Amino acid sequence: MKSVDLSGKKFGKLTVIQKTDTKRKGSYLWLCQCECGQTILLESYKIRRELVKSCGCSRKGKNTKDLTKKKPVSSCGCVRAGAIKNIAKQRFGKLTALRPTTKRKGGSVVWTCLCDCGRTTEASYNDLVSGNTRSCGCLIHEKGRPGLSYVDQTCIESLKSKALHKNNTSGYTGVQKQRGKWVALISLKKHRYYLGTYERFEDAVFVRQRAEQLLHDQFVQAYESWNKKDETWKQEHPLKIVVKGTNIDDFELEVEESDRGNHEKKRKRKQTAGHAHPGRVGERKRSSPAQ
């Protein structure tokens, strides 16, 4: 498919100058000039969909313009009247909320909870209410949940499924409406990544789908490749997947296969060496005393 020439066209405050030889994630970058005079390199899809409308100058000053109002703020926002909703003694799956902590996860208060198995754990208010966290982790290993595969506390079947949750109101997973705009999010390994806020619903869906390809699909591919090996090899080489980057511009998955078998062999060699017969290596012979 022949690429569209964007040279000379204007999108928002940006005017496209020319296509460069620089690539980012396999996409060629276009040199654009902003009305303020600054230049920026962008992918063609971001330009055409107007996901980026300036070099960043449009956002400057937005976070500080309210500081001149008569009512000064007393904190960064972490302390708000009534912000902590009391869910003490309420049950969420196998968890009973005990007390709030001073920790925050994505702006949500982290609670200390007691599991039915007797263990205590911590979970955020959002995770408890949404049903993302229902136990200390013991629920994963209980019988009655057959056929589910977990890697780094991530359910492979959940990543493969594109079905909407019952409480979804937008029509697409990971896209929600806030203050008249569409916010795109994605979660992996119990960590939520913010993908941006957009005027149009289809733009938020497009970015979410791109993030799914970079994170969810590649995570599943890495697992399936590892899962083809025999059970002995998998026990000696447990799979660990590390997420690098924070957005669709620099997301990257790194597969780490630790060799547990070699570690065990090295440990045995050390133990064997430690029990070696003394005096055989490097021992200086003593001369017998004169009779």
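With respect to the numbered conditions (1) under 22 Å from the mean Cα position of the chain (by Cα); (2) within 20 Å of C155 (Cα to Cα); (3) at pLDDT below 85, which one is the sole condition not fulfilled by I248?
Unmet for I248, out of (1) under 22 Å from the mean Cα position of the chain (by Cα); (2) within 20 Å of C155 (Cα to Cα); (3) at pLDDT below 85: (2).
Kindly indicate the residue of segment 134-153 that is closer than 21 Å to P238 by Cα and assigned to a loop (DSSP other than H, G, I, E, B) and also modelled with the lowest pLDDT among those meeting that condition.
Restricting attention to segment 134-153, the residues satisfying the condition of being closer than 21 Å to P238 by Cα are 137-138, 140-141, 146-153.
Those left that are additionally assigned to a loop (DSSP other than H, G, I, E, B): 137, 146-149, 152-153.
On the way: G137: 73, P146: 51, G147: 58, L148: 68, S149: 75, D152: 70, Q153: 70.
Within segment 134-153, the match that is modelled with the lowest pLDDT is P146.
So which residues in segment 85-101 are modelled with pLDDT of 90 or more and open to solvent by 100 Å² or more (accessible area, probe 1.4 Å), if there are any at all?
From segment 85-101, those modelled with pLDDT of 90 or more are 86-92, 95-101; that's our starting set.
Across segment 85-101, the qualifying residues are N86, K89, R91, R99.
Would you check if there is a residue in segment 190-212 being more than 15 Å from the chain's Cα centre (by Cα) and of a type in the set (K, R)?
yes
Please report, ordered by residue number, the helices (runs of 4 or more DSSP H) entirely within segment 201-251 with at least 1 residues that are of a type in the set (G, A, S).
Once the helices (runs of 4 or more DSSP H) in segment 201-251 are filtered for at least 1 residues that are of a type in the set (G, A, S), what remains is 201-212, 218-227.
Within segment 211-251, work out how many residues are of a type outside the set (S, T, N, Q), open to solvent by 50 Å² or more (accessible area, probe 1.4 Å) and more than 23 Å from R49 (Cβ to Cβ).
9
Name the one entry in R192, R208 that is more than 16 Å from I47 (Cα to Cα), open to solvent by less than 40 Å² (accessible area, probe 1.4 Å) and of a type in the set (K, R). Full working, then the answer.
Details: R192 fails: open to solvent by less than 40 Å² (accessible area, probe 1.4 Å).
Residue meeting the stated conditions: R208.
Farther than 18 Å from R192 by Cα, in contact with a Cys (Cβ under 9 Å, 6 or more places away or on another chain) and either of a type in the set (A, V, I, L, M) or modelled with pLDDT under 85 (or both), is that true of C115?
On the way: farther than 18 Å from R192 by Cα: yes; in contact with a Cys (Cβ under 9 Å, 6 or more places away or on another chain): yes; either of a type in the set (A, V, I, L, M) or modelled with pLDDT under 85 (or both): no.
Considered against the rule, which asks whether it is farther than 18 Å from R192 by Cα, in contact with a Cys (Cβ under 9 Å, 6 or more places away or on another chain) and either of a type in the set (A, V, I, L, M) or modelled with pLDDT under 85 (or both), C115 comes out as no.
Please work out which one of (1) surrounded by fewer than 14 Cβ atoms within 10 Å (Cβ to Cβ); (2) in contact with a strand residue (DSSP E or B) (Cβ under 9 Å, 6 or more places away or on another chain); (3) under 30 Å from K234 (Cα atoms) is the condition G131 fails and give its number.
Condition (3) is where G131 drops out.
Count, please, the residues in segment 20-34 that happen to be surrounded by 12 or more Cβ atoms within 10 Å (Cβ to Cβ) and modelled with pLDDT of 90 or more.
6
Please determine, by comparing only the residues of segment 102-128 that are more than 24 Å from C155 (Cα to Cα) and touching a helix residue (DSSP H, G or I) at 6+ places or on another chain (Cβ under 9 Å), which one is most open to solvent (accessible area, probe 1.4 Å).
Looking at residues that are more than 24 Å from C155 (Cα to Cα) and touching a helix residue (DSSP H, G or I) at 6+ places or on another chain (Cβ under 9 Å), I get G107.
The values are calculated or read from the model by the stated rules, or taken from the named source; none is laboratory data. What you are looking at is a predicted structure, and each value in this text was computed from that prediction instead of being measured. When we count neighbours, we look across all protein chains shown, and the Cβ atoms used for this are built from the backbone with ideal geometry, even at glycine. Just so you know, the surface numbers come from the protein's heavy atoms only, side chains and all, with ligands and any DNA or RNA stripped out. Shrake-Rupley method; radii C 1.70, N 1.55, O 1.52, S 1.80 Å.
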